[in-house]
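Reviewing the structure listed below.
The values are calculated or read from the model by the stated rules, or taken from the named source; none is laboratory data. Bear in mind that the values here come from a model prediction, so they are computed numbers and not experimental data. Because the Cβ atoms are built from the backbone with ideal geometry, glycine has one as well, and the counts that use them run over all protein chains shown.
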């Protein structure tokens, strides 16, 4: 029987960063405990989810997931919902990558698995391992196209931290240092409870820093056959996803990363991708899109998210989107939304 297809996310792009639907499981349990159905939340957010039977076994747009948990946070007046989901209930992982970590021989292997196979679970803009004599660091960043990152960062970091602790125990896990790129919360006590008293905020990137003495600690639950089988399943899932989206996806990511640069241009992005501006223009044309169309769309989508879901001043949003003057942003907003930024924000919130 042919697999049912479901509509694409509101981003309208098969190349948008995605996350595996199993991440919704704990969120849904937390929501239901607080009287909210996931389907209702998705309807309020204007997000199309996979049919119920595919909900935990298909990818969804990472931007949609971010929008869902941000809206849930506001509905429940819970600014740390991403952490509360993990703290309140953390069901047994159902993705092979997370399961594989539980049966890895040691922490070093677990980090290698995450860095190598993360796309079978989530599209990250950056994920690598950095090693020095005394410590090893797992460094990761979300796509710059995900505007509302704080809740997503909390959710991902808490899940990874819990899996690492399950492997080496609470005492050894206390030696793991955590740095998060999210904004500093008004009350950091829950973050310190989950990640330790030295957790840092507003870092350049998210990272887990593990001292060398715990990297080789044997995992008491290590099962070589099960680990290999789960890793193979994860590799198959990664292969099934194919390429991450071609040249347009690379350009989108570069634009999103550099969106606050007032002088961002096709040539700037081309240099970052190691080609000439003319070559990049030609390759984009072959894919039926122009640099300016991508740039304008990303600016518009980010403006929509920032105006509707944050209390940032209009001038700050203009600066973040690379406009040299608020008047330029206002003219762009009228073209995108048919109104000035302040009027459009008020209309969306009324």
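Please go through region 111-154 and pick out each residue that is outside any loop (DSSP other than H, G, I, E, B) and closer than 18 Å to residue 96 by Cα. Lay out the reasoning, then the answer.
Start the filter on region 111-154 by keeping residues that are outside any loop (DSSP other than H, G, I, E, B), which leaves 111-120, 122, 126-131, 135-141, 150-154.
111, 112, 113, 114, 115, 116, 117, 118, 119, 120, 122, listed by residue number.
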Exercise for the section: Please give the number of the condition residue 260 fails out of (1) at pLDDT 90 or above; (2) within 26 Å of the chain's Cα centre (by Cα). Expected result: (1)
Handout entry: Residue identified as part of a loop (DSSP other than H, G, I, E, B) and out of contact with any strand residue (DSSP E or B) (no Cβ under 6 Å at 6 or more places or on another chain) among 247, 259
Key = 259
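Quick check on my filter: what residues within region 158-189 are assigned to a helix (DSSP H, G or I) and modelled with pLDDT of 95 or more?
Filtering region 158-189 down to residues assigned to a helix (DSSP H, G or I) leaves 158-168, 170-173, 189.
Across region 158-189, the qualifying residue is only 189.
From the list 83, 99, pick out the single residue that is modelled with pLDDT of 90 or more, in a helix (DSSP H, G or I) and assigned by TED's automatic domain parsing to the domain that holds residue 42.
83
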Handout entry: Filter result for residue 288 (part of a loop (DSSP other than H, G, I, E, B), out of contact with any strand residue (DSSP E or B) (no Cβ under 6 Å at 6 or more places or on another chain) and buried (at least 17 other Cβ atoms within 10 Å of the Cβ))
Key = no
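For region 48-77, which residues satisfy the criterion of being assigned to a loop (DSSP other than H, G, I, E, B) and closer than 19 Å to residue 349 by Cβ?
First, pick out the residues of region 48-77 that are assigned to a loop (DSSP other than H, G, I, E, B): 48-51, 55-58, 76-77.
Selection gives 76, 77.
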Problem - Of the criteria (1) at pLDDT below 85; (2) part of a loop (DSSP other than H, G, I, E, B), which one residue 236 fails - result: (2)
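When you scan region 117-128, how many residues do you find that are over 17 Å from residue 60 (Cα atoms) and crowded, with 18+ Cβ neighbours inside 10 Å?
Kept after step one, since they are over 17 Å from residue 60 (Cα atoms), are these residues of region 117-128: 117, 126-128.
Among the residues that remain, those that are also crowded, with 18+ Cβ neighbours inside 10 Å are: 117, 127.
Here the count works out to 2.
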Exercise for the section: Name every residue in region 286-298 that is touching a helix residue (DSSP H, G or I) at 6+ places or on another chain (Cβ under 7 Å) and at pLDDT 85 or above, in order of residue number. Expected result: 289, 290, 291, 294, 295, 298
Exercise for the section: Could you tell me which numbered condition residue 108 fails, if it satisfies all but one of (1) outside any helix (DSSP H, G or I); (2) modelled with pLDDT of 90 or more; (3) more than 20 Å from the chain's Cα centre (by Cα)? Expected result: (1)
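Take residue 254 and tell me if it is surrounded by 14 or more Cβ atoms within 10 Å (Cβ to Cβ) and either touching a helix residue (DSSP H, G or I) at 6+ places or on another chain (Cβ under 9 Å) or in the same structural domain as residue 287 (by TED's automatic domain parsing) (or both). Explain how you work it out, then say what you get.
Working: surrounded by 14 or more Cβ atoms within 10 Å (Cβ to Cβ): yes; either touching a helix residue (DSSP H, G or I) at 6+ places or on another chain (Cβ under 9 Å) or in the same structural domain as residue 287 (by TED's automatic domain parsing) (or both): yes.
Against the criterion (surrounded by 14 or more Cβ atoms within 10 Å (Cβ to Cβ) and either touching a helix residue (DSSP H, G or I) at 6+ places or on another chain (Cβ under 9 Å) or in the same structural domain as residue 287 (by TED's automatic domain parsing) (or both)), residue 254 qualifies.
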